[in-house]
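Only one structure is covered here, and it is reproduced in the block below.
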Amino acid sequence: MSAPERIPARRVTARDLELLTRGELHVEGQIRDASNAVLLCTVTFEGDEASCVYKPVRGERPLWDFPDGTLAQREVAAYEVSEALGWGLVPPTVLRDGPYGEGMCQLWIDTPEEPSQDGGLLALVEAEEPEDGWKAIGFAEVGEGRTALLVHADDVRLRRLAVLDAVINNGDRKGGHLLVDAEARLYGIDHGVTFNVEDKLRTLLWGWAGDPLTEEATAALEALRDRLREGEPLAARLGELITGAELDAVRERVAALLKSGRHREPSGEWPAIPWPPI
Ligand SMILES: Nc1ncnc2c1ncn2[C@@H]1O[C@H](COP(=O)(O)OP(=O)(O)O)[C@@H](O)[C@H]1O
Ligand SMILES: [Mg+2]
């Protein structure tokens, strides 16, 4: 899987952010089966138009273990950290007012109907070991007493996302939250349950657990560590979005990753994976 390695992260332009922040929002419809209110909108500004999702704070289902701030703020914080890592893994996301009050607004990522040419990111296989190019997540019950091996692609884009998730303490990285656009760029979405001070990492991307971080990841984490220092603009911005204790916990997670030099390992005996995984 070398092809995606050459795909540069999409550079978010000031224009994207201006369009999302200042554009006029038109609600086109509601996405069904979402656990919170997720509205598909168009946003228009000075002749530019884009599709976006708008999740009004008012439509958030309260979560006992995330009592502070809003899920929308956590989604924006995840975007800010993603940008600081430099991999463009989270679609541009802003906080703004909208027809149902304040909420998060995120650029819509169009995903081609055709399965991507690299053969997909996740699979269930009837084997004990993953084939070359795949990494094992764990065994899953597939009915009638049978189990199958859940695997994810050994893909540089997913490997970066595993690092981002460890930093933001993502509690819900499932298959449906991975989007691949027409240019084969990978995005992660749905970052409402992130930044808890407790370890909540729940993800499918355990394939590199315990492996050394890539040089690229180490460099990105070092740069992030510097930008999280008190007084830096990123630290100030995150301070508006998550609590002080949560910001300190981000710093601690970055420091722990750099100290170990390795990808996160599950904290329990079994890797914590979201359910359902897709
Ligand atoms: N930025 C986006 N681009 C494309 N599709 C999206 C985007 N954000 C959300 N979606 C779609 O909307 C669905 C629900 O959004 P999600 O963020 O998962 O909401 P919830 O918090 O309710 O689970 C996603 O599973 C995905 O299909
Ligand atoms: Mg979701």
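The values are calculated or read from the model by the stated rules, or taken from the named source; none is laboratory data. Treat the numbers as computed from the prediction; the structure is a model and nothing was measured. Heads up, the Cβs are rebuilt from the backbone with ideal geometry, glycines too, and the neighbour counts pull from every protein chain shown.
Of the residues in the range 236-264, how many are assigned to a loop (DSSP other than H, G, I, E, B), surrounded by 14 or more Cβ atoms within 10 Å (Cβ to Cβ) and over 18 Å from the mean Cα position of the chain (by Cα)? Steps first, answer last, please.
Of all residues in the range 236-264, those assigned to a loop (DSSP other than H, G, I, E, B) come to 242-243, 261, 263-264.
Adding the requirement that they be surrounded by 14 or more Cβ atoms within 10 Å (Cβ to Cβ) leaves 242-243, 263-264.
With the extra rule that they be over 18 Å from the mean Cα position of the chain (by Cα), the set shrinks to 243.
Looking only at that region, the number is 1.
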TODO: Looking only at the range 167-214, count how many residues are over 20 Å from S260 (Cα atoms), more than 16 Å from ligand 2 (Cβ to nearest atom) and either in a loop (DSSP other than H, G, I, E, B) or in contact with a Cys (Cβ under 7 Å, 6 or more places away or on another chain) (or both).
DONE: 7
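Considering the range 98-109 alone, what residues qualify as being away from ligand 2 (no atom under 16 Å from the Cβ) and in contact with a Leu (Cβ under 9 Å, 6 or more places away or on another chain)? Give the steps one after another, and end with the answer.
Start the filter on the range 98-109 by keeping residues that are away from ligand 2 (no atom under 16 Å from the Cβ), which leaves 98-102, 105, 107.
G98, P99, Y100, E102, C105, L107 - these are the residues of the range 98-109 that are away from ligand 2 (no atom under 16 Å from the Cβ) and in contact with a Leu (Cβ under 9 Å, 6 or more places away or on another chain).
Out of L213, L158, L164, report the one residue that is closer than 30 Å to G103 by Cα, surrounded by 19 or more Cβ atoms within 10 Å (Cβ to Cβ) and free of Cβ contacts under 8 Å to residues at least 60 places away in the same chain. Give the steps one after another, and end with the answer.
Values: L213 fails: closer than 30 Å to G103 by Cα; L164 fails: free of Cβ contacts under 8 Å to residues at least 60 places away in the same chain.
That would be L158, the only listed residue that is closer than 30 Å to G103 by Cα, surrounded by 19 or more Cβ atoms within 10 Å (Cβ to Cβ) and free of Cβ contacts under 8 Å to residues at least 60 places away in the same chain.
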Task: In the range 173-197, residue surrounded by the most Cβ atoms within 10 Å (Cβ to Cβ) [restricted to those that are at pLDDT 95 or above and farther than 24 Å from R11 by Cα] - done: F195
TODO: Check L89 against each of (1) within 15 Å of ligand 1 (Cβ to nearest atom); (2) touching a Ser or Thr at 6+ places or on another chain (Cβ under 7 Å); (3) without any contact (Cβ under 8 Å) to a residue 12 or more places away in the chain and name the one condition it does not meet.
DONE: (3)
